[in-house]
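Below is one structure, written out as structure tokens; the observations come after it.
The values are calculated or read from the model by the stated rules, or taken from the named source; none is laboratory data. Note that the coordinates shown come from a computational prediction; the quantities given were computed from them, not determined experimentally. Using ideal geometry, Cβ is built from the backbone for each residue, glycine included, and neighbour counts are taken over all protein chains shown. Calculation scope for accessible area: heavy atoms of the full protein, side chains included, ligands and nucleic acids excluded. Shrake-Rupley method; radii C 1.70, N 1.55, O 1.52, S 1.80 Å.
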Amino acid sequence: MRFLTAGESHGLELTAIIEGLPAGLFLSVDEINLELARRQVGYGRGGRMKIEKDRVKITSGVRHGYTLGSPVTLVIENKDWKNWQTVMSPEQVSEKDAPLRQVTRPRPGHADLVGGMKYGHRDLRNVLERSSARETAIRVAIGAVCKQLLKELDVSVAGHVLALGGLRGELPDNLTVEEIKHRSENSELRVVDSKVEAAMKELIDQTKKAGDTLGGVVEVLVANVPAGLGSYVHWDEKLDAKIAQALMSINAFKGVQFGLGFTMANLPGSKVMDEITWDGTRGFTRQSDNLGGFEGGMTNGETIIVQGVMKPIPTLYRPLQSVDIQSKEAYRASVERSDTTAVPAASVICESVVATEIAKAFLTKFSADTCGELKEAVDLYRDRIAQF
């Protein structure tokens, strides 16, 4: 499976083409829209979330609710387009209208300046429109499709916020992925530890008044993935590496770790490696999950645990110093509409990109012209490795 996305932040629409889905997979538009709605809520979001109510349209590859095996096209209309038709018109505009909403003062920490230098743009709007996190809306739609595929294979995905602005919640031991999902869904900040939520909200309010932004750490868990997805034989077939790349492709993400992650650097091997056990019912299992469900670039049958670090959003309402690319004079950077924090939304986006990579791994490993064929192949494989 592979996909492409297209579209600008204030353009007409966002588009994705997904190739390689099996025929016969039931796709619920309502479930995709539910995932899009999850991305748009969360304490600390900005004004655009009140404008945009994202809804998906499927324009190819699905008939009467089921995939055909041909490319699936997803479209999300930008409701704010009516206010940007001249600024973002694909057609030539008048000399008077050409400078509208022009951006010449790059924002520190954003793609503005380097993108302008790379592609020779003298109006940095040509950069920020595509580099905007608005693109993640269509990737959530893709992830929603992949979650529906994983659901057919009895694989569940949950995301939550571990830390925000330096405040960290505690994750109780022995919670199932479904319990984590339930708790995070009932929190405006998608935190499992309700005791830390009030302090996080207060910090967000203080930061908003200061015109600043906050980052944090999100975690995604994937349960009931069989051992053996991915491969150790080539560097570019290691599934944990693919997941890490996918997470790092999300706007503002600067770090990824699995299981204990960087904590492993401070521990002896005896406290890190997951000891192996075996019984006649479950086959091989681990006594712990410190490695986050991966060994040698392959899933080991334990729950996948991956964390991503999101930096504070670079668009500040009290902007930092920058330099105008035309005059070369020092100015405060340009201000685009922004959030105080998007960490809760980022947990939804992370779920989506992880689900996408896991779905791709299933479709790479197993015969999958049809959904029934895929399910049969996965069931046979699960039975085989249980008897290893």
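Name every residue in the stretch 266-282 that is in contact (Cβ under 8 Å) with a residue 60 or more places away in the chain and within 27 Å of residue 242 (Cα to Cα), in order of residue number.
Matches in the stretch 266-282: none.
Take the conditions surrounded by fewer than 22 Cβ atoms within 10 Å (Cβ to Cβ), of a type in the set (A, V, I, L, M) and in a helix (DSSP H, G or I) and apply them to residue 128. Does it pass?
No: the conditions fail for residue 128.
So which pairs qualify, if the first residue must be in the stretch 76-93 and in contact (Cβ under 8 Å) with a residue 24 or more places away in the chain, the second must be aliphatic (A, V, I, L, M) and open to solvent by 60 Å² or more (accessible area, probe 1.4 Å), the Cβ gap must be under 7 Å, and the two must be at least 6 apart or on different chains?
78/12; 79/51; 80/51; 81/12; 87/100
Do you know which residues across the stretch 58-84 are within 23 Å of residue 135 (Cα to Cα), modelled with pLDDT of 95 or more and loosely packed, with under 13 Cβ neighbours inside 10 Å?
59
Taking the stretch 200-211 as the region of interest, how many residues are touching a residue at least 12 places away in the same chain (Cβ under 8 Å), surrounded by fewer than 17 Cβ atoms within 10 Å (Cβ to Cβ) and more than 23 Å from the chain's Cα centre (by Cα)? Can you show your working first?
Applying the first criterion (touching a residue at least 12 places away in the same chain (Cβ under 8 Å)) to the stretch 200-211 yields 200-201, 203-204, 207-208, 210-211.
Checking which are surrounded by fewer than 17 Cβ atoms within 10 Å (Cβ to Cβ) leaves us with 201, 210-211.
Then drop every residue that is not more than 23 Å from the chain's Cα centre (by Cα), which leaves 210-211.
Final tally of qualifying residues: 2.
Which of the residues spanning the stretch 247-265 are open to solvent by 70 Å² or more (accessible area, probe 1.4 Å) and aliphatic (A, V, I, L, M)?
Once the filter is applied, which keeps residues that are open to solvent by 70 Å² or more (accessible area, probe 1.4 Å) and aliphatic (A, V, I, L, M), the stretch 247-265 yields 248, 265.
So, of the residues in the stretch 276-300 that are touching a helix residue (DSSP H, G or I) at 6+ places or on another chain (Cβ under 9 Å) and open to solvent by less than 30 Å² (accessible area, probe 1.4 Å), which turns out to be modelled with the lowest pLDDT?
Taking the candidates together, the pick is 283.
If you scan the stretch 301-325, which residues turn out to be out of contact with any strand residue (DSSP E or B) (no Cβ under 9 Å at 6 or more places or on another chain) and modelled with pLDDT of 95 or more?
Across the stretch 301-325, the qualifying residue is only 325.
Which one of these does residue 344 not meet: (1) in contact with a helix residue (DSSP H, G or I) (Cβ under 8 Å, 6 or more places away or on another chain); (2) in a helix (DSSP H, G or I); (3) of a type outside the set (Gly, Ala, Ser)?
Going through (1) in contact with a helix residue (DSSP H, G or I) (Cβ under 8 Å, 6 or more places away or on another chain); (2) in a helix (DSSP H, G or I); (3) of a type outside the set (Gly, Ala, Ser) one by one, residue 344 breaks only (1).
Applying the selection to the stretch 161-211, what residues are touching a Lys or Arg at 6+ places or on another chain (Cβ under 7 Å) and not aliphatic (A, V, I, L, M)?
If the condition is that a residue be touching a Lys or Arg at 6+ places or on another chain (Cβ under 7 Å) and not aliphatic (A, V, I, L, M), then 184, 211 are the ones that fit.
What pairs can you find where one residue is in the stretch 179-190 and open to solvent by 80 Å² or more (accessible area, probe 1.4 Å), the other is among the aromatic types (Phe, Trp, Tyr), and their Cβ atoms are less than 9 Å apart, with a gap of 6+ or different chains?
188/43
Only residues that are assigned to a strand (DSSP E or B) and either of a type outside the set (A, V, I, L, M, F, W, C) or out of contact with any Phe, Trp or Tyr (no Cβ under 6 Å at 6 or more places or on another chain) (or both): list them for the stretch 299-333, please.
Hits for the stretch 299-333 are 299, 304, 305, 307, 308, 309, 321, 322, 323, 330, 331, 332.
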